[in-house]
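One structure below.
The values are calculated or read from the model by the stated rules, or taken from the named source; none is laboratory data. In this text the structure is predicted, and so the values were computed from the model without any measurement. As a convention, Cβ positions derive from the backbone with ideal geometry for all residues, glycine included, and neighbour counts pool all protein chains shown.
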Amino acid sequence: MLTHRDRFMKIVRKPPETKEARNLAARFAVVDYTTDESEQVKAYDLSQDYFRFMFVDQMEPTTNHSE
């Protein structure tokens, strides 16, 4: 699974020049943020949320619960 994830991320980080591809790439972007406690800028990889089921026990790879 990690190999497939990594290959997918390599493709999505350099999307083709279409609106749909840019929208998909935005879901997997690395965004900068700060916290109330610190003004230091940190980076967060949004793809971690999409692949969390791979690393958390008993988490299903679906959105059925939220829907």
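Just give me the residues in the range 29-57 being among the hydrophobic types (A, V, I, L, M, F, W, C) and either exposed (fewer than 10 other Cβ atoms within 10 Å of the Cβ) or assigned to a loop (DSSP other than H, G, I, E, B) (or both), in sequence order.
A29, V41, A43, L46, F51, F55, V56
Among the residues of the range 1-25, which ones are surrounded by 12 or more Cβ atoms within 10 Å (Cβ to Cβ), in a helix (DSSP H, G or I) and either of a type in the set (D, E) or without any contact (Cβ under 8 Å) to a residue 12 or more places away in the chain (or both)?
F8, I11, A21
Among V30, V12, which is under 12 Å from the mean Cα position of the chain (by Cα), at pLDDT below 80 and not aromatic (F, W, Y)?
V12
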